[in-house]
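The values are calculated or read from the model by the stated rules, or taken from the named source; none is laboratory data. On a predicted model such as this, the values are computed, not experimentally measured, just so you know. Cβ sites come from the backbone with ideal geometry, for glycine too, and all protein chains shown count toward neighbours.
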Amino acid sequence: MKTEDRCCYIKRLEQLRDSKVLVYFSFVPLDDTILVPLYKQLKEIGHTRKIDLLLHSYGGTLDTPYKVVRLIREFCDEFAVIVPFAAKSAASMLVLGADEVVMGPLSELGPIDPLTKHPVYRDILVPVQAFVHCLDYLERSMMQSSDPEVTALMLNPLLNKLDPWLIGDCEKTIKATRQYAELLLSRYMLKDHPERVKIVTQVLTEGFFSHGYPINRIEAQELGLKVTKAEGELWEVVWALYLSYEELFAEKEED
């Protein structure tokens, strides 16, 4: 698809949504490198009533979504996120700072339990909750053992590999994730339903054993998020934009 065609789809989406549309489409982790380009684009647009962010991302750093939400909201009165396919992990955190999320039949959010680098294999990311579950498993093994001394001998090699600093850092990261989620939900997505904030936060941080669990638009709505279902021409335009950006990235990989 040509750039001109993509621009036409964006213009049509702006007409359908009565908004100004920004696009973040990436297969690399979301981090603070987005902030300066985003600020430049927002400065060019100026303050506007409503901004829609078309978002495709599988997540990234813990602090960036909060910064993105605060920055965009400096330039608009209403903020919505449009998810054509995937907004997972940290990208789902960003959604919590919107007034609504627009989702189609293929759209997915995900749990916001944070990831951290493996203490030995630094190029591998693992859920912080994995360390928590490891500690729970070790504690249960000791408590339920018929011979605690033998069990302790077997588990000591594992315990010796658990750096106290790492455990403390994991605990801090989990608390920070909850803090960000509660702040965003209470100020924006669930500002009219404060009684739901802690419940939704707990589900998104601890309610799923798979970090990649797909939360579709029905589950997101049942959870209490303000979901607008993309149907008809709206969904056709959103999906066409997704396919065009996917094609663009595929072409770049081939070059």
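Return a yes/no flag: does the stretch 197-209 have any residue that is in a loop (DSSP other than H, G, I, E, B) and touching a residue at least 40 places away in the same chain (Cβ under 8 Å). Yes - at least one qualifying residue is present in the stretch 197-209. Please give the number of the condition L109 fails out of (1) touching a Ser or Thr at 6+ places or on another chain (Cβ under 6 Å); (2) farther than 27 Å from V197 by Cβ; (3) not hydroxyl-bearing (S, T, Y). Status for L109: all satisfied but (2). Among the numbered conditions (1) modelled with pLDDT of 95 or more; (2) surrounded by 18 or more Cβ atoms within 10 Å (Cβ to Cβ); (3) within 19 Å of the chain's Cα centre (by Cα); (4) not hydroxyl-bearing (S, T, Y), the only one that E219 does not meet is (2). Of all residues in the stretch 5-63, those satisfying the criterion of being at pLDDT 95 or above, exposed (fewer than 13 other Cβ atoms within 10 Å of the Cβ) and part of a loop (DSSP other than H, G, I, E, B) are D18, G46, H47.
Evaluation of K67 against the conditions (1) basic (K, R); (2) out of contact with any strand residue (DSSP E or B) (no Cβ under 9 Å at 6 or more places or on another chain); (3) farther than 30 Å from E171 by Cβ shows that the sole unmet condition is (3).
Residues of the stretch 79-114 that are among the polar types (S, T, N, Q) and modelled with pLDDT of 95 or more: S92, S107. When the stretch 173-196 is filtered for residues that are over 16 Å from M93 (Cβ atoms) and part of a helix (DSSP H, G or I), the ones remaining, listed by number, are P194, E195, R196.
Residue count for the stretch 229-251, restricted to those that are over 17 Å from V102 (Cα atoms) and small (G, A, S): 2.
Filter the stretch 70-94 down to the residues that are surrounded by fewer than 24 Cβ atoms within 10 Å (Cβ to Cβ) and part of a helix (DSSP H, G or I) and list them by number. Scanning the stretch 70-94 gives R70, L71, I72, R73. Look at the stretch 242-255: where a residue is farther than 12 Å from V23 by Cβ and acidic (D, E), no partner that is at pLDDT 85 or above and loosely packed, with under 10 Cβ neighbours inside 10 Å sits 6+ places away or on another chain with Cβ atoms under 8 Å. For the stretch 223-231, indicate whether the set of residues that are without any contact (Cβ under 8 Å) to a residue 12 or more places away in the chain, under 21 Å from the mean Cα position of the chain (by Cα), assigned to a helix (DSSP H, G or I) and closer than 30 Å to Q15 by Cα is non-empty. No.
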